[in-house]
Every structure is written in C-alpha cells, then in structure tokens.
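First comes the structure, then the notes that go with it.
The values are calculated or read from the model by the stated rules, or taken from the named source; none is laboratory data. Being a predicted model, the structure only gives us computed values, none of them experimental. Cβ placement follows ideal geometry from the backbone for every residue including glycine, while neighbour counts extend to all protein chains displayed.
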Amino acid sequence: MTKKPRIKYSRILLKLSGESLQGKRGFGIDPEEVRDVAARIQRVHSMGVQVAVVIGGGNIYRGTHESKKGIDRITADYMGMLATILNAVALQDALEKLGAPTRVLTAIEVKEIAEPFIKRRAVRHLEKGRIVIFAGGTGNPYFTTDTAAALRSNEIGAQVLIKATKVNGVYTDDPVKNKNARQLKKLSFIEVIRKKLKVMDLTAVSLCMENKLPIIVLSMKIPGNICHAVQGKTVGTTIS
Ligand code: GTP
C-alpha cells in the first residue's frame, strides 16, 4: 500500500495568472496548456487537499494596461473581470475532463454559465471535495485578481495562498534579465511592503498580513512544486 503524503495545508487557494493558459501563442487560451495546468491542479487535489483557484484574465484583456491607452478605467476593469470568467470556464472544462468535480463561482452574475459567489456555498463545495474556481475578480473595479485571491483566501479560511508565477519565487532582481539575481527563500510581509517587491499589489499583501495568511510564490512549471508546497517542503519563496 502506498503511504499517504503528509499534508501541511489542507485548504489552499491557488492564484494563477491568465497568461498561464496562453502557452506559446502569447494570447488567448491554448487548450493544451489548459490541460497541463488542470493536470497539475488535479494532482494536488487527489492528495486530499481542498483546492480553490483564482485566475487572472491578462491573456485576454489587461484592464489596467488598456485604461492607460484611453479606455475608461472602470470599463476596462470590468472587461478584465469578464476575461477571468472565460478562463475559469475553460479551466473547469479541462478539470472535469480529468474527472475532477469543479464549480465556478463568479463575483459578476452570469447565471447561465456559473454560480454566483456565495461564501458559504464555496466552503460547502470545498468540503464536498469539489475544486472551486473563483471568477470575476472581486466584482469591483480598481482591484486586481491578486487582491481577489487574497480576499477569497481569507473568506474561505484557506491556510495558504499559493501564487504561481513565471519564476520560482521572489528574487533580489529580475532573474530573466539579471543572472546574478538571488532567490529569497523567506520574507516577511513588512519586507515585501518596505522594499516594494513586486510580488503582489499592496492591497493584496496587506490583506494577507492583517489576517496572518502566508503566501507561497512559486513556479507551476516545476513538476511537483505545488504538491511539495502543500506538504510544507521549502519551495519558491514563503512570505509570512
Ligand atoms: P450540492 O447542493 O452541495 O450537492 O451542490 P451542487 O452544486 O451539486 O448542487 P446544485 O443543485 O446547487 O447544482 C447543480 C449543478 O448546477 C452544479 O453543476 C452547479 O454548478 C450548477 N449550478 C447551481 N447554481 C447555478 C447557477 O446559479 N448558475 C449556473 N450556471 N449553474 C448553477
């Protein structure tokens, strides 16, 4: 009989960028990439971990970016929120094809497509072993999907917020541009705020700090990374 892995975090919220679904296309949704992301999520879920997901929309529409080019900020933000709904249903489709029961709960009502976000319902779905994808950001303009991730993590009582990025953690400098950039294994919330480290926006970081919710920043591309993180192994950067 195979030994069950020890689990440190039994309820997690995974924050994915919209770009994680675009693959080599550089835009939109690449079905192969979505399958790959879904398989990684399903692996953690099959360990018996309750998994919630918040996904961004930058592969389809970047609200903040577009608003700088002239579109009204609030309109642009709503367009970005709609983009997260497209990503959420694509991910749900891929997860269900792998046999993982999944529910999409959205902060912006599109009741023909997804359930409205109700905190108690979200928790109930998690308790029943369903992967819960939160779509539509916070439902409000001016907030990022990172803030939505911090908010939902706190609302559902997640024990950790795992932020998947392109690089495996927080570095002293951009590791893509600077070969000498060092990875930081541990950071405090205050350090992130003081040093203006671009891990997440300030609203998201403050929300986690106030509620003592640890954040793990890691790359999803490294096989087993999320599974190791939920087992409490050192992966990427932990902010606490
Ligand atoms: P339990 O009641 O805990 O068993 O949860 P459940 O989600 O299986 O039951 P429910 O009867 O609420 O939902 C059945 C199906 O309908 C699920 O796939 C839900 O995601 C979906 N569903 C429920 N409410 C809505 C809604 O408002 N809009 C949409 N589009 N789907 C919904």
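Going by the structure shown, is residue 179 loosely packed, with under 14 Cβ neighbours inside 10 Å, of a type outside the set (A, V, I, L, M, F, W, C) and under 26 Å from residue 31 (Cβ atoms)? For residue 179, the condition - loosely packed, with under 14 Cβ neighbours inside 10 Å, of a type outside the set (A, V, I, L, M, F, W, C) and under 26 Å from residue 31 (Cβ atoms) - is not met.
Pick from the range 93-104 the residues that are of a type outside the set (A, V, I, L, M) and not in a loop (DSSP other than H, G, I, E, B): which of them is surrounded by the most Cβ atoms within 10 Å (Cβ to Cβ)?
Within the range 93-104, the match that is surrounded by the most Cβ atoms within 10 Å (Cβ to Cβ) is 102.
Pairing each residue of the range 125-153 that is on the phi > 0 side of the Ramachandran plot with any residue that is aliphatic (A, V, I, L, M) and more than 16 Å from the ligand (Cβ to nearest atom), provided the two are 6+ apart or on different chains, yields C-beta distances under 9 Å for 136/81; 136/148; 137/54; 137/81; 137/148; 139/81; 139/148; 142/74.
When restricted to residues that are in contact (Cβ under 8 Å) with a residue 12 or more places away in the chain and either of a type outside the set (Lys, Arg) or farther than 28 Å from residue 126 by Cβ (or both), the range 154-182 contains 17.
Apart from one condition, residue 43 fits all of (1) in contact with a Gly (Cβ under 9 Å, 6 or more places away or on another chain); (2) over 20 Å from residue 152 (Cα atoms); (3) at pLDDT below 95; the exception is (3).
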